[in-house]
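Please read the structure below before turning to the comments.
Quick note: the coordinates plus some simple rules give every number you see, no bench work behind them. For clarity, every value in this text was computed on a predicted model and none was experimentally measured. Using ideal geometry, Cβ is built from the backbone for each residue, glycine included, and neighbour counts are taken over all protein chains shown.
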């Protein structure tokens, strides 16, 4: 039987950590899930099949970048984003709101949407809730994000409240414009900064509208980890228990573990791929900067326990060389390793939640990282 709607099965909890499965027509998404970011219809330095080999069940695409180049209309004419980028698994697309809000002087906000100039060629564009839904429909996204406004933190309470209420108005307009699209899901986005009552007001508005899943927006925008975790101590529980909870734009490995411990099901971040291209590797014992001179003669792999191609087939000395020489293979291998590490992290958490051992797994994770990089022999 062909599945026509997204469903979420919650299999187990351990403390506030949750183990589940998001079921879509294009395949299941195991949660907790990390979504690699394919901004412009590509996860940089990776083939789609290679991304899948790391264990990724879903990718994230970027509405803002794709609407500008090559345009959503062109992608639709070529068969949709999945065919265009040769990825047959689920794709989530953001709404474009965050990128537009980051344009500063290049954009103008009004109650109905945002008018902005392209960072590529200065051409003028407009995004509204309806236009964002139209673009994401043209792309063929499996999970569509409601259009919202996200102020950078810190910001004063009045600014955060006004932004949140505008986003809730846009959430309703997004819901209306999305309509009924079998096989596709719409997620609402909670806002409210670091204010518990504003977060609850936002969550109540979203619950009243009704969405297939719920995102926690407005974090990882400059507030710091301590403040983010303080918000996550209550924000996920303000959202429906029977729907996926998605923390947008997070993050470092310890951010992700802390978020899962607080009830988050989905995350995305450019960090593993961006760091790979700049010579940073995430390992079980912390971050390795492969361009440091200490790795020039080191025959060991990045991570003794890792099964990725970079660790199976290449030494730190080789990775040091190709990264310093800016050879393309350096970006490829380091990115592959980082994405593999992130998916291993998610697998470890899923197994721990299933076994009721998440607290001890989390303690081990922090203890291993506290030891620092693997010492030289």
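Which distance in nm do the two modelled labels at residue 351 and residue 237 give, with both placed 7 Å along the Cα-to-Cβ direction?
3.0 nm
Hey, what angle do you get for helix 157-178 against the long axis of the chain, alpha-carbon based, 0 to 90 degrees rounded to 10?
In the chain, helix 157-178 runs at an angle near 80 degrees to the longest axis.
Among 140-147, 153-160, 11-18, 232-239, what's the highest-first ranking by average C-beta atoms within 10 angstrom per residue?
140-147, 232-239, 11-18, 153-160
Between the alpha-carbon centers of region 66-117 and region 144-174, tell me the distance in whole angstrom.
18 Å
Between residue 12 and residue 312, what's the calculated FRET efficiency when r is the beta-carbon distance and R0 is 56 Å? Round to 0.05.
For R0 = 56 Å, the calculated efficiency reads 0.95.
Of 259, 33, 177, which is the most mobile in a GNM of the chain whose springs link Cα atoms less than 10 angstrom apart?
177
Given springs between every Cα pair under 10 Å in a Gaussian network model of the chain, which of 40, 56, 105 has the largest fluctuation?
Of the options given, 105 has the highest mean-square fluctuation.
Only counting other Cβ atoms within 10 Å, I'd like 340, 119, 320 sorted with the fewest neighbours first.
The fewest-first ordering by Cβ neighbours comes to 119, 320, 340.
For the residue pair residue 21 and residue 107, what label-to-label distance in nm results when each label sits 7 Å from Cα along the Cα-to-beta-carbon direction?
So the label points at residue 21 and residue 107 sit 3.8 nm apart.
Only bridges with both residues in the chain count here: give the DSSP antiparallel percent, nearest 5.
Around 50 percent antiparallel, to the nearest 5.
With both bridge residues required to lie in region 10-151, what share of the DSSP beta bridges run antiparallel, to the nearest 5%?
Antiparallel bridges: around 70 percent, rounded to the nearest 5.
If you fit an axis through the alpha-carbon atoms of helix 328-355 and take the longest principal axis of the Cα set of the chain, what angle between them do you get, 0 to 90°, nearest 10?
80 degrees
To the nearest 10 degrees, how steeply does helix 358-370 sit against the main Cα axis of the chain, on a 0 to 90 scale?
So the inclination is approximately 60 degrees.
Please work out the FRET efficiency for the pair residue 172 and residue 126, using the Cβ-Cβ distance as r and a Förster radius of 25 Å; give the result to the nearest 0.05.
Here the calculated transfer efficiency is 0.85.
Starting from 0.36 nm per residue, how many nanometres of slack lie between residue 162 and residue 134 once their C-alpha separation is accounted for?
Difference between extended and current length: 7.5 nm.
Using the reciprocal of the averaged 1/r over all distinct C-alpha pairs, how large is the Kirkwood radius of region 276-358 in Å?
When all Cα pairs of region 276-358 are included, the Kirkwood radius is 13.0 Å.
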